[in-house]
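To start, the structure itself, in structure tokens.
The values are calculated or read from the model by the stated rules, or taken from the named source; none is laboratory data. What you see is a predicted model; the values in this text were computed from it and never measured. Cβ placement follows ideal geometry from the backbone for every residue including glycine, while neighbour counts extend to all protein chains displayed.
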Amino acid sequence: MASLEDTRRKEFAVLATPAVLFVGAFCIAPLALLFLYSFYRVDFVAMVPDLNLRNYATVVTSETYRTLIGKAMLHGALVAGFTAVLAYPLAFFIAMRVKVYKAALLTALLIPLYTGDLVRIFAWRVVLGAEGILNTFLLWIGATEQPIMALLFSTGASLLVLTYNYLPFMVLAIWIALELLDRSLLEAAADLGAGRFRTFRHVVLPLTLPGVLVGALMVFALVIGDYLTPQLIGGSSGVTVISAIHDLFGAAFDWPLGGAIAWVLMAVLVTLIAALATLALRSRLGRALLRTR
Amino acid sequence: MERSESELSGDAGDEGAQSPLLVARNLTKDYGPVRAVRSVDFTLRHDSFVTILGPSGCGKTSILRMIGGFEAVSGGELTLDGVDITAVPANRRPVNTVFQQYALFPHLSVRDNVAFGLRMKGRTAEMAKRVDEALAIVRMEAMADRFPAQLSGGQQQRVALARAFVNQPRLLLLDEPLSALDRKMRKHMQIELKELRQRLGMTFFYVTHDQDEAFALSDWMIVMNHGVIEQQGAPQDIYRRPANAYVADFIGGANLVPVTVMAKRDGVAGADTPMGRIECPCAAGVAAGSTAFLCLRAEHLVLSPAATARAFDGVVTHVIFQGDSKIVEVEGAGRRLTLTAAGTDGVEPGSAVRVGFDDAHAWIVAG
Amino acid sequence: MERLLRSYVWALYGFVYLPVAVVVLFSLNDSDLIAFPLKGFTLRWYDDVLGDARLLGGLFNTFAVAIPVALVTTVLGGASALALTRHKSSFRLVLGLLVILPFFVPRMILAVSQVAFMHQLAITKSLLTVCIGQSLVILPFTTIIIASVLYRLDPALEEAASDLGASAWQRFRHVQLPLMKFGLMAACFIAFVLSSAEYTVSFFTSGRAQPLSILVASDFRFHLSPTLYALASLIVLFNIIVVVVSELLRRRGEGARK
């Protein structure tokens, strides 16, 4: 009687175990070790396993770290917002207006993503730098006398490139939501007298909000974790909580404090994501959508 | 189990006629807290065409999937040829299935699809010959090298059939296999299926929600509702003598007139009806002193009866044109009744009519 | 309205490709300076790249990492995707969260925790540690790509295989594998490309042998030249080829299903 279920269970175990072991050994275990280290103390050049909460006290009381964590959250939210606004029309176009070249357009969007952070950041520096394309172009056509320095090494530049970097994730998330949308609902809305705009406002947008939310969560997490962009594009404004962790693991050699910052950041991140997800699932729209699935 | 005159006598010899092919005992299926199949019992005979009929969600597909081995049995047992198969995985059951959407392997040609089962069991020696035979039976020899995507719905259907029966299963399961076809194709395939079954001498277990299909095909019918079997038997018996009001209504939409049962003896009930007292055969659940239903089929009610024993007055409320006949809805005997009438006798909504029926057609079921 | 939407889409694609186009443009410009106006056409920067032993060594290391990473993440991702899409186990949610976890953990934190781990277990940094670190980061991508292919397969196909007598292995070998073949190949290619471009984790987990991405990063910081533009253009070109091929494969897999 239980034999059929046993076979299925065994199959599941065989398939799932390798990935579980892999992630367990090389992600969970290292993160746990980092957690353990975060209670250690550094004595000159050695870590001392003298468990205490001093590092957490430092993180929580330090104005600098609090500001950096706050800044990371703010930038994450801003870029999530920017990408959502920029991506939605594009995702809508690919999902609703394109038939033959759908896959081609999506692939074209992903190619710069697959090129890696470095090449992309590299390219943007060429575009935005003091001797970069934009400035030399502006000088060349006589639009400005001096190169505009603020184009590069500013928070604005950093946000621009972050938005550029993570736009494809948002487009994909929204595009999937739009593709899953039952097309007869659009016909039903039109049939009931809704124009294009109202169909969009009252049918398409609410039903694809989960896609926007998933995209926003991804972009948010990725922006917070981004190390290269603020450092190489943001200039002096490029100090982030992530670069602080990097410094503590590098030159400053204070792994315990670095570990504490990392865990505080992850705790904030998980809390925010969980709160947002719960809020979304508890909302009237969320509950209605859950039930239809 | 009661026998009926319509049943095909099994040609599997004495033993086949005696011992059943498949026995389900207290078969139960739970999906979490939902009990989809509630402890049902039934027996499938050798060389017969059995349909299991019911509305969607009645548990009929769960039963097929348990026999096929795709769903674990939550309670009870299944025996095939006397062997308990309850815990046998799908790939070791001598049972094959024709899936609702055919589930043909898109990456394999028609020939390879049909050969799949034999190949899995390592019967490569006889494979080519048997696959050719099976394809010939469903007249798909010419399409052997095509891929499923290149076939029409009806052709895919035939390949799915061949792929299942080429393995010579003890039992062939069919999960609403005609539901994806258009009406004309469906009628055609019904005839083919019936002929195919006779030719193969195999037992078909056929799930459907379409009662016309069930009547057209089966030697034995199982009517389900809400996870229980409401009635099983030969199609004619179920139509003529439904076991209860649900079956009477579900099968052919009988008119049900509430009556009070005064007496019951030897399967004959005496009841007070709006048309006077009647004595007629009744179903098992009917008891003296209870309220029951007089079950009248649309085709047994006649307009302007000449010398029939029983008649009552009514007013026509709706007339639906059906080509060769009309469906007439009449308000009478305290109910809205439907009847079929041939010809054009000036019956219109609002006209007063007299409706009659022959006592010989009357049947009483419990409420 | 429709015209506006169309123009917007083209403008956005312009934005997406602007930096790439600029890099390619200047990699072909006959001047040491990266400035307008353009001086003329040359391929000498490409010559320089292909003659640079250090970069070629880095390229070799990149391949030495990317090939095993692509294979490992495809196998692990394929198995997880099968478990996630083909089973109703109550552990499915746990598995899904676990596999997606490395995507949501900030990559720097993942990298420094690897450093701590290697320190604790006294593991020497090498290309092997780069492979492990990268595989972790890339596993969510391959799993999702393969799961998206499996998700669209009719579960009845597997039931049909069992019904016709196929054992679990035969079902995998004769039905699931052929049907997910193109998805696996696409995932493998994407994993290769992601591996070759990965920087953060590679930087922290690599020892003396360093993949190309790390060499490029240090050059990029200290010595910006059209040679690097040429190298970047080559990387982009290579990625375009690999991604397009993988996309064609994935679509071929889907075409067979309709």
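Within the option set C:Ile123, C:Ile132, C:Ile109, being surrounded by fewer than 24 Cβ atoms within 10 Å (Cβ to Cβ) and in a helix (DSSP H, G or I) holds for one residue only, C:Ile132. Among the residues of the range C:77-99, the one identified as touching a Ser or Thr at 6+ places or on another chain (Cβ under 8 Å) and surrounded by fewer than 23 Cβ atoms within 10 Å (Cβ to Cβ) is C:Leu95. Screening C:Ser89 on (1) in a loop (DSSP other than H, G, I, E, B); (2) under 30 Å from C:Leu237 (Cβ atoms); (3) at the interface with chain A (Cβ under 7 Å from one of its Cβ atoms) shows it passes everything except condition (2).
In summary, A:Val59 fulfils each of the numbered conditions (1) touching a helix residue (DSSP H, G or I) at 6+ places or on another chain (Cβ under 6 Å); (2) more than 23 Å from A:Phe253 (Cβ to Cβ); (3) of a type outside the set (S, T, N, Q) with the single exception of condition (2).
Entry remark, the range C:193-205: residues being at pLDDT 90 or above and either outside any helix (DSSP H, G or I) or more than 10 Å from chain A (Cβ to nearest Cβ) (or both) number 3 in total. Scanning the range A:233-249 for residues that are within 8 Å of another protein chain (Cβ to nearest Cβ) and in contact (Cβ under 8 Å) with a residue 40 or more places away in the chain yields one hit, A:Ile242.
For the range A:66-109, a tally of residues being without any contact (Cβ under 8 Å) to a residue 60 or more places away in the chain and within 11 Å of chain C (Cβ to nearest Cβ) returns 10. Counting only helices (runs of 4 or more DSSP H) wholly contained in the range B:153-244, the ones carrying 1 or more residues that are assigned by TED's automatic domain parsing to the domain that holds B:Asp112 and touching a Ser or Thr at 6+ places or on another chain (Cβ under 7 Å) occupy B:153-165, B:211-217, B:235-240. When the range C:214-258 is limited to residues that are within 17 Å of C:Ile190 (Cβ to Cβ) and among the acidic types (Asp, Glu), the one that is modelled with the highest pLDDT turns out to be C:Glu247. Among the residues of the range C:26-44, the one identified as within 11 Å of another protein chain (Cβ to nearest Cβ) and at pLDDT 85 or above is C:Ser27. Taking the range C:206-220 as the range and being more than 8 Å from chain A (Cβ to nearest Cβ) and in a helix (DSSP H, G or I) as the test, the residues that pass are C:Leu212, C:Ile214, C:Leu215, C:Ser218, C:Asp219.
Tell me whether the range A:279-288 contains one or more residues that are within 13 Å of chain C (Cβ to nearest Cβ), at pLDDT below 90 and assigned to a helix (DSSP H, G or I). Taking every residue of the range A:279-288 in turn, none turns out to be within 13 Å of chain C (Cβ to nearest Cβ), at pLDDT below 90 and assigned to a helix (DSSP H, G or I). When we screen C:Leu179, C:Leu224, C:Leu215 for residues that are under 17 Å from C:Thr62 (Cα atoms) and assigned by TED's automatic domain parsing to the domain that holds C:Arg152, the only hit is C:Leu215. Only one of the listed residues (C:Val49, C:Val9, C:Val72) is within 11 Å of another protein chain (Cβ to nearest Cβ), in a helix (DSSP H, G or I) and within 23 Å of C:Ser196 (Cβ to Cβ). That residue is C:Val72. Close contacts from the range A:7-21, counting a first residue that is under 19 Å from C:Val69 (Cα atoms) and a second that is modelled with pLDDT under 90, with Cβ to Cβ under 7 Å and a gap of 6+ residues or different chains, come to A:Ala16/C:Phe91. In the range C:92-120, the qualifying residues are those that are small (Gly, Ala, Ser) and more than 7 Å from chain A (Cβ to nearest Cβ), and the one that is nearest to the chain's Cα centre (by Cα) is C:Ala111.
Quick check, is A:Pro256 within 13 Å of another protein chain (Cβ to nearest Cβ), in a helix (DSSP H, G or I), in contact with a strand residue (DSSP E or B) (Cβ under 8 Å, 6 or more places away or on another chain) and buried (at least 19 other Cβ atoms within 10 Å of the Cβ)? The answer is yes for A:Pro256. For the range A:191-211, the criterion of being more than 13 Å from chain C (Cβ to nearest Cβ) and of a type in the set (Asp, Glu) is met by at least one residue.
Go over the candidates B:Phe42, B:Phe99, B:Phe49 one by one and state the one that is touching a residue at least 60 places away in the same chain (Cβ under 8 Å), within 22 Å of the chain's Cα centre (by Cα) and within 13 Å of chain C (Cβ to nearest Cβ). Going through B:Phe42, B:Phe99, B:Phe49 in turn, the sole match is B:Phe99. For C:Thr200, the criteria (1) in contact with a Lys or Arg (Cβ under 6 Å, 6 or more places away or on another chain); (2) β-branched (Val, Ile, Thr); (3) without any contact (Cβ under 8 Å) to a residue 12 or more places away in the chain hold in every case but one, which is (3). B:Asp112 meets the conditions (1) surrounded by fewer than 18 Cβ atoms within 10 Å (Cβ to Cβ); (2) in contact with a Leu (Cβ under 7 Å, 6 or more places away or on another chain) in every case but one. The failed one is (2). I want to confirm something. Restricting to the range A:111-121 and keeping residues that are at the interface with chain C (Cβ under 7 Å from one of its Cβ atoms) and without any contact (Cβ under 8 Å) to a residue 60 or more places away in the chain, which single residue is surrounded by the fewest Cβ atoms within 10 Å (Cβ to Cβ)? Per the stated criteria, the residue is A:Ile111. Scanning the range C:186-226 for residues that are over 22 Å from C:Val23 (Cα atoms) and surrounded by fewer than 20 Cβ atoms within 10 Å (Cβ to Cβ) yields C:Gly207, C:Arg208, C:Ala209.
The single condition among (1) free of Cβ contacts under 8 Å to residues at least 40 places away in the same chain; (2) outside any strand (DSSP E or B); (3) farther than 28 Å from B:Arg25 by Cβ that B:Gly270 does not satisfy is (2). For the condition out of contact with any helix residue (DSSP H, G or I) (no Cβ under 7 Å at 6 or more places or on another chain) and more than 10 Å from every other protein chain (Cβ to nearest Cβ), C:Ser225 qualifies. Could you list all residues from the range B:327-345 that are modelled with pLDDT of 85 or more and either within 21 Å of B:Pro274 (Cβ to Cβ) or surrounded by 15 or more Cβ atoms within 10 Å (Cβ to Cβ) (or both)? The answer is B:Val328, B:Glu329, B:Val330, B:Glu331, B:Arg336, B:Leu337, B:Thr338, B:Leu339, B:Thr340.
In the set (1) loosely packed, with under 13 Cβ neighbours inside 10 Å; (2) in contact with a strand residue (DSSP E or B) (Cβ under 8 Å, 6 or more places away or on another chain); (3) among the charged types (D, E, K, R), A:Arg41 fails one condition alone, (1).
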